[in-house]
Amino acid sequence: NGYYRSEWFRCIHSSRDLSDMVFILNRYFNKDMYMQFNSTFGYFVGYTEHGVYNAELFNKDPNILNKWRGEKDRYCTHNAKIRQSAIADKT
């Protein structure tokens, strides 16, 4: 009946000092992942024809890349520190 687009953000780490933090953005269209940004690599990867096209455009724009590269610290590390201290204070 229509089209469905979604984005999933993930922050993954296993160390207490958050030094291994990774930010991942997955973009989906009709439940198929078409593009991903991974802070470990620092650029977009396309998985479909449309995703490859968009990834190439995004990777050529330093403003877009810098925005998403900064999300690891702005979003992931910031929130993980808050959560980690809340958990540590309870033990």
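Observations, loosely collected:
- Some residue of segment 37-56 being out of contact with any Cys (no Cβ under 7 Å at 6 or more places or on another chain) and at positive phi: yes
Yes or no, residue by residue, for (1) without any contact (Cβ under 8 Å) to a residue 24 or more places away in the chain; (2) of a type in the set (Gly, Ala, Ser); (3) in contact with a His (Cβ under 8 Å, 6 or more places away or on another chain):
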{"position": "Arg5", "(1), (2), (3)": "no, no, no"}
{"position": "Arg16", "(1), (2), (3)": "no, no, no"}
{"position": "Met21", "(1), (2), (3)": "no, no, yes"}
{"position": "Asp32", "(1), (2), (3)": "yes, no, no"}
{"position": "Thr40", "(1), (2), (3)": "yes, no, no"}
{"position": "Tyr47", "(1), (2), (3)": "yes, no, no"}
{"position": "Leu65", "(1), (2), (3)": "yes, no, no"}
{"position": "Glu71", "(1), (2), (3)": "no, no, no"}
{"position": "Arg74", "(1), (2), (3)": "yes, no, no"}
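Each value in this text was obtained by applying a stated rule to the coordinates, not by laboratory testing. Everything numeric here is computed off the predicted structure, so don't read it as measured data. Note: ideal-geometry Cβ built from the backbone for every residue, glycine included; neighbour counts use all protein chains shown.
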